[in-house]
Amino acid sequence: MAGSIVRGMAAGVAGTVVMTAFQKFVEMPLTGRRTSYAPADFAQRISPLQPATRQGRDQLNTVTHFALGTMWGTAYGLTAHAGLRGAKAVAVVFPVVYTGDVLLNTALGLYKPGTWTAQDWTVDLVDKLVQAAATGVLYDYVFGPAEGS
């Protein structure tokens, strides 16, 4: 199980790189959306970290963005360890983790999904689905999971 978790974490980091590239080079140019500071907002809400500068906030945003992606990868690794891979694993992991993400951020007062437009929902879902799918592909084909793990 430990190997599946570690591979999942690595795939989650790599999947977050894919999502970030998708956001910066595809989604944001199409939608005109600016950089989201939701990861930094989350970190600041649940920890004592309060960056004093814009650079510090940018760094916190990036670190938290990748930490959250690592957690998504861990969920994929655990699902793969249980025997699911590929689209089936993404179909199990994505709705559970995404719903948890929205509920937690809403409970913390960071998200207000009742006010989101259809575009807001689409951007959030597609960006995070890109991350989840990329994590699965990377776990299954790049990080070379052992048979049965």
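Brief remarks follow.
- For TRP72, TRP116, order by how many other beta-carbon atoms lie within 10 Å, fewest first: TRP116, TRP72
- Between the range 64-80 and the range 44-60, the C-alpha centres lie 22 angstrom from each other.
- The local environment of ASP41, defined by Cβ-Cβ distances under 15 Å, has a net charge of +2 under the rule Lys, Arg +1 and Asp, Glu -1.
- Three principal axis lengths of the range 2-142 [C-alpha, angstrom, descending]: 43, 33, 30
- Net charge, LEU78 excluded, C-beta distance under 13 Å - Lys, Arg +1, Asp, Glu -1: +2
- Within the shell defined by Cβ-Cβ distances under 15 Å, the residues around LEU68 carry a net charge of -2, with Lys and Arg each +1 and Asp and Glu each -1.
- Estimated at 0.36 nm per residue, the fully extended path between ALA87 and ALA67 surpasses their Cα-Cα distance by 4.9 nm.
- Note on the chain: helix-only mean residue ellipticity at 222 nm, from DSSP H runs of 4+ residues weighted -39500 (n - 2.57) and normalised by residue number, equals -23500 deg cm²/dmol.
Readers should treat all values here as calculations from the given coordinates under stated rules, not as data from a laboratory. Because the structure is a prediction, the values reported are computed rather than measured. Methodologically, a virtual Cβ is constructed for each residue, glycine included, from the backbone with ideal geometry; neighbour enumeration extends over all protein chains shown.
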